[in-house]
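See structure below.
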Amino acid sequence: MGYSPRRSSRRSCRGVEGTGHVHRPTVPAWSAGTIARALVVAVFVVDLLVCGLVGHALRQSRAHHRDRAVVATRNLSAALEQYLGGLVDKIDLSLVAIVDEYERELASGGVDGAALDAYLARQRRRLLEVDAIRTVDARGDIDHGDDVRPGARANVADRAFFTRLRDETGAGLLVSEPVIGRLKGKPEIVFARRITRPDGSFAGVATAVVAVDGIGRTFSTLDLGRRGVVVLRDEQLGLVVRQAAEGTRIAIGDRTVSPELQRFVRERRTEATYAGVAVDGIERTFTFRRLARYPLFVIVGLAFDDYLGEWWQELAGALGFLVLFVVLTAVAASSAVRAWRRRDAAVRALASEEAQRRELEARMQEAERMASLGTLAAGVAHEVNNPLTYVLSNVGFAVEQLRATEAGWSARPEGASLREAAAALQEALSGAESVRHIVRDLKTFSRADGERVAPVDLNRVVEACLKMSASVTAGRARVVRRLGDVPLVLANEARLGQVVLNLVVNAAQAIPGGPAAAHEIAVSTARADGGRVVLEVRDTGTGIAPDVLPRIFDPFFTTKGVREGTGLGLSICHGIVKAFGGEIRVETAVGRGSAFRVLLPAVAGDFAGAGAASC
């Protein structure tokens, strides 16, 4: 009757739980780790999308700047082609007029030097870009025109343009390679036409001289950027003029050009735009044009670093924006993850508390059940002990009577049967004795004799516990006894047996599966300093993890399942040993096993006597 309300209460609690009326905190389906991974993926996708958009915009901008550079080089090269073509046309018209005037005077009987000089001066004033206009006689002497002084004539008979015009009657306008002028000693380009006598013989050459520096000054007026370049080359790709604000200086007449330009010239193309590295090692976008009627090439190049200057600024700004955007999205994502983790931690804490409460209830129920089993075992032992006494007495009496009368019946025909009966009775007597030992052990470990402390034989308690735990240890490890000659200890026999049994069972459960011969449980007793006795239970099991070790004596703490342990064993053992005035110590190594040492006070007089005897 006393237990009915408690059982009814348990059933009602389980019923309420089963119907789902008790609120159970649940862990969110989306954990902090999942949210973090999802946010990382989302931020990565967004950042990747923004980077792609910015990259696309930068590519478009770069292509736009390059297109502008291409258009600029084309326009500049076209303008220079038109300018140079017009200049050469004007020079050619002046030279034709000079040749006509010279040939007219020859046909009239002779050249009037003063009149010819005046005529040449008038032509010179019409051509501001021309440095000098002169005539050369049949011997190659410069006889009339700019910078010609009496008695200081220069000879150009060795010049290529002179020899060709002398030898070819229909050569037309010739444009020389850059040469050093014989009168001024400076680089110049000579435009020349043949003068023919009335009889068709060679009379000399009319020339117009353009200073290379003058062409360079004209080119320098163009806005080409810091590393832009304008180049004028002759028919053999020899350098005539090269105007560049920066870069390596290249000698006049040098024919080193890029492979792209060589290919275009071989293909007889009149114009082309290409990207390449010039002889000065600077990468540029070039446009070249061949003058329509004259053997000259004009090349305009804009350096990448110049026309992409604005684009580099855009790139720096875009990279700064991307870095800021990535940082902001990362900070936002991190803040969201931290907030979710705080929420998740709160929910998990509630769930953990609920789980701990339920586990505590289950272990309390298990502890109550074990206590009930202990009470039941005590009752059973008491009830078995009475009839067992009759069995032992009567069987013992029968065995004694048979042995006492054995001389009288051993020779009879029925003597063999009586001997078999005597042997069977002896076996029954041995079995009953085993049952009596079991009953005595049960009474020892289940009796409620309070906390009375008295001298206890520790070795006898250990032997009894090893017998009781034999079914647990048999299939797991070899049990090694090392019981020393120790004095009695001051303890409660039942409580001390509970400690020893718990330590031995724990040692067996700590040993992993496998052959029993591979593992060992060593139980030993010995004397210790300070008038104490030490009990050691050592195993070769898995050991105790460092994070678990500080909690092994906490109530209800266990690494086993609910049905495998209450989590009270070591806690109770610790309390019992402390109550005896002793202490319990642990040494452990993961993967190598554990050793529990119980230090108990010895009975003072017995310890001294045993010590003297041992000496």
(request) Name the aspartates and glutamates eligible as straight-distance cross-link partners of residue 184: C-alpha to C-alpha under 16 Å, and not fewer than 8 places from it in the same chain. (result) 131, 141, 143, 146, 147, 213
(request) Would you kindly state how much longer the chain becomes between residue 430 and residue 152 on full extension, computed as 0.36 nm times their sequence separation minus their alpha carbon distance, in nm to one decimal? (result) 84.5 nm
(message) Can you tell me the length gained on complete extension of the stretch residue 330 to residue 316, counting 0.36 nm per residue apart and subtracting the Cα distance?
(response) 2.9 nm
(message) I'd like to know which of 258, 200, 225 lies farthest towards the positive end of the charge dipole of the range 184-332, counting +1 on Cβ of Lys and Arg and -1 on Cβ of Asp and Glu.
(response) 200
(request) State the Cα centre-to-centre distance between the range 108-136 and the range 189-267 in whole Å. (result) 24
(message) Quick one: the Cα spread of the range 43-169 along its three principal axes, in angstroms, biggest first?
(response) 96, 29, 29
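Rank 321, 161 by accessible area, highest first, at a 1.4 Å probe radius?
Order by accessible area, largest first: 321, 161.
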(request) Over the range 78-236, average the accessible area per residue using a 1.4 Å probe and give it in Å², no decimals. (result) 47
(message) Starting from 0.36 nm per residue, how many nanometres of slack lie between residue 397 and residue 268 once their C-alpha separation is accounted for?
(response) 32.6 nm
(message) Can you order the peptides 163-174, 571-582 by their average number of other Cβ atoms within 10 Å per residue, highest first?
(response) 571-582, 163-174
(message) Let me check against my output: what whole-number percent is the relative contact order of the range 99-207, with C-alpha pairs under 8 Å and at least 6 apart?
(response) 26
(request) Would you mind telling me the share, in percent, of accessible area of the range 449-543 contributed by carbon and sulfur at probe 1.4 angstrom? (result) 53
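The values are calculated or read from the model by the stated rules, or taken from the named source; none is laboratory data. Note that the structure is predicted; figures quoted are calculated from it, not measured. Ideal geometry is used to build each Cβ from the backbone, glycine not excepted, and the neighbour counts take in all protein chains shown. Heavy atoms of the whole protein, side chains included, go into the accessibility calculation; ligands, DNA and RNA do not. Shrake-Rupley method; radii C 1.70, N 1.55, O 1.52, S 1.80 Å.
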